[in-house]
1. What's the number of the condition Val85 fails, among (1) open to solvent by 100 Å² or more (accessible area, probe 1.4 Å); (2) among the β-branched types (Val, Ile, Thr); (3) closer than 30 Å to Val250 by Cα?
2. I'm trying to understand the selection: among the residues of the range 231-257, which are part of a helix (DSSP H, G or I), open to solvent by 90 Å² or more (accessible area, probe 1.4 Å) and free of Cβ contacts under 8 Å to residues at least 40 places away in the same chain?
3. Within the group Val132, Val109, Val103, which residue is of a type in the set (A, V, I, L, M) and at pLDDT below 90?
4. Those residues that are among the basic types (Lys, Arg) and within 53 Å of the chain's Cα centre (by Cα), I need them from the range 43-65; list them, please.
5. When the residues of the range 247-287 are narrowed to those that are modelled with pLDDT of 65 or more and of a type in the set (Ser, Thr, Tyr), which ends up farthest from Lys101 (Cα to Cα)?
6. Determine whether the range 113-133 contains at least one residue that is acidic (Asp, Glu) and open to solvent by 80 Å² or more (accessible area, probe 1.4 Å).
7. In this structure, does Thr98 turn out to be among the polar types (S, T, N, Q), surrounded by 11 or more Cβ atoms within 10 Å (Cβ to Cβ) and more than 12 Å from the chain's Cα centre (by Cα)?
Amino acid sequence: MSALFYIKHWEARGEVVDAVFNAAREAEDNREREYDAAIHIQAVMRGVRLRQFIKYLHMCAVRIQMAWRGYLGRKAYYRQLAVKVEQQQLKCYNDMATKIKAVWKGHYVRTRVYDFYGMKRYLCALQEKNEVVRARLREYELEMREREELERELKELEEHNNYARSCHFMVSTKVQAGVFKDAPGSFEAHINDVFLEDMSSKHKKTIWHQKPASPPKTGLPPLRKVQGPFKHPSVVYLQRHKNLKPTLRVETDFTSEDAAREKDKQDEWCRRGIDEKFAPFSKMQYSYIPSLNKNTQFSNVTYGTKTFRDLPTVSTVEASEFKTVFKSIPEFDKLGETYS
């Protein structure tokens, strides 16, 4: 069976070889085209990846710029806000100081310079006195009107009587009737009455000939004190030439509270015995872990921070080191140490 299969394929070897050569020729023909296509695909892919990477870098740069500009903007805003708050506080303090001074000046003027309650009592008394004077003036006005009316009536009566006296020769007699015999109002009888009265009283002045009595001269009641809230000239001179007393705003500094707080901190630091904070052993839960800088074998050079000269490597002849006459400066010993 295998022999038949071998013989069959041996006879078809020409076709197989031709097929292999044809496939190789076709592959050779398509190799350059596939190579160009692969290069093009790689170029496109690398371009896409590069553009995405550049876009990512741009986005990162924008984020960084946005964060930095936001930080700068917030910093400038807080700076302006602090200035504005300080201005508002200063304005508030100025307004409060002005209000305090206004209240004090008003109280001082009302109690010391211009006595408000005394002036009020004086005005109330003056008002009552004015009411009394007005009442008296109204009574006097009514009385004067009555007197003027009485004088007018008396004057009219006097004129009428004078006219009657001037016409006494026109009255009727027993022999001949007078001019006013038939006049209305019995004027002729009035003439006779006036003539008879004048003859009987012998020209005595009647009550309507007397001058009216003058009104009583009554003045206003005397004042109890001098009008007006006046003070003695010496007191006024002392008030005008007194020494200048600065206000609370001028006498004290605006930052006096902060300065006092800073001074208290300095005094407390001077009285402090040790700068390190006390850590009770009951709070310790873990052992001390040294830092990486101190845990390694490499460390900082002590020259310039702790020592200022090289240590001798060779032992000297003397048993003890050289001793200086003066003591070292304590400030140099603190160099490199951190203290508050």
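The values are calculated or read from the model by the stated rules, or taken from the named source; none is laboratory data. Quantities reported herein were computed from a predicted structural model and do not represent experimental measurements. Note: ideal-geometry Cβ built from the backbone for every residue, glycine included; neighbour counts use all protein chains shown. Keep in mind that these areas ignore ligands, DNA and RNA; they rest on the heavy atoms of the full protein, side chains included. Shrake-Rupley method; radii C 1.70, N 1.55, O 1.52, S 1.80 Å.
1. Exception for Val85: condition (1).
2. Within the range 231-257, Pro233, Tyr237, Leu238, Arg240, Val250, Glu251, Glu257 meet the criteria.
3. After applying the criteria, what remains is Val109.
4. Arg63
5. Ranking the qualifying residues of the range 247-287, first place goes to Ser287.
6. Kept after step one, since they are acidic (Asp, Glu), are these residues of the range 113-133: 115, 128, 131.
Those left that are additionally open to solvent by 80 Å² or more (accessible area, probe 1.4 Å): 128, 131.
Yes, the conditions are met somewhere in the range 113-133.
7. No, not satisfied.
This table checks each residue for (1) assigned to a loop (DSSP other than H, G, I, E, B); (2) open to solvent by 100 Å² or more (accessible area, probe 1.4 Å); (3) modelled with pLDDT of 75 or more.
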| site | (1), (2), (3) |
| --- | --- |
| Glu149 | no, no, yes |
| Lys155 | no, yes, yes |
| Lys181 | yes, yes, no |
| Val194 | no, no, yes |
| Glu197 | no, no, yes |
| Val226 | yes, yes, no |
| Pro229 | yes, no, no |
